[in-house]
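Accompanying notes for the structure given below.
Derivation of every value follows stated rules applied to the coordinates shown; laboratory data play no part. Values in this document were obtained by computation on a predicted structure and should not be read as measured data. Quick reminder, even Gly has a Cβ in these numbers, built from the backbone with ideal geometry, and neighbours come from all protein chains shown.
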Amino acid sequence: MREPSNGEKLLDLFLLRTREPEYAIDQPFYTTGSIVAAALMRIALIAVVTMALKSYVSSSTTWWIAMIGLWGLGVYPAWLQYDKYHERVETITDGTLCGTCRHFNRTNQLCMIMDEHVTSTTPPCEGEGWEPA
Ligand code: SF4
């Protein structure tokens with residue numbers, strides 16, 4: 001697995017991606033926590049930019065830029081990412097042994113006894129810890 005570059009780390013901080021990067025192998029790229037945190041950071045950034053713009057453009061223009069920015073960069077990407085997160089959880093739940101196991105935590109795609117993320121069809125415990133849900 002290759003390490004992400006500094007530019008990629010910055011992209012990931014604000015979660016400005018609509019698909020998972022190829023280096024996101026060992027752990028899920030989209031989690032509810034990362035989606036919400038990144039959306040809040042983007043919204044905070046939009047608020048700062050909007051306040052800076054206030055002295056250069058009219059209030060109504062600032063208002064429109066803020067609203068379009070909130071939707072386009074704050075809420076809409078988070079919604080797309082949550083959709084992808086949900087799809088991935090469904091794929092794991094429906095297509096793997098872990099999905100039917102009582103130790104699988106859907107929220108963070110984690111095996112609770114192995115303390116490992118389930119990212120493929122091969123269970124981290126190799127089936128030895130499986131118990132029906
Ligand atoms: S105990 Fe095994 S089968 Fe169950 S969630 Fe963990 S890795 Fe998957």
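Just for the Cα atoms in the chain, what are the lengths along the principal axes, largest first, rounded to whole Å?
Cα spread of the chain along its principal axes, largest to smallest: 65, 31, 19 Å.
For the chain, set up a GNM with springs between Cα atoms under 10 Å and report which of Tyr82, Tyr30, Tyr56 has the largest fluctuation.
Highest fluctuation among the options: Tyr56.
Per DSSP H run of n ≥ 4, the term is -39500 (n - 2.57); total these for the chain, divide by its residue number, and report the mean residue ellipticity at 222 nm rounded to 500 deg cm²/dmol.
Values: 4 runs with 61 residues, N = 133.
Result for the chain: -15000 deg cm²/dmol, rounded to the nearest 500.
Below 8 Å, C-alpha to C-alpha, sequence gap of six or more: please give me the relative contact order for the chain in percent.
Working: 129 pairs, mean separation 31.2, N = 133.
Relative contact order of the chain: 23 percent.
Got a sec? Charge dipole of the chain, +1 on Cβ for Lys and Arg, -1 for Asp and Glu; which of Thr61, Gly127, His103 is way out at the positive end?
After comparing all options, I get Thr61.
Tell me which residues come under 5 Å, amide H to amide H, from Glu116 once H is placed; ignore anything under 5 positions away on its chain.
Cys111
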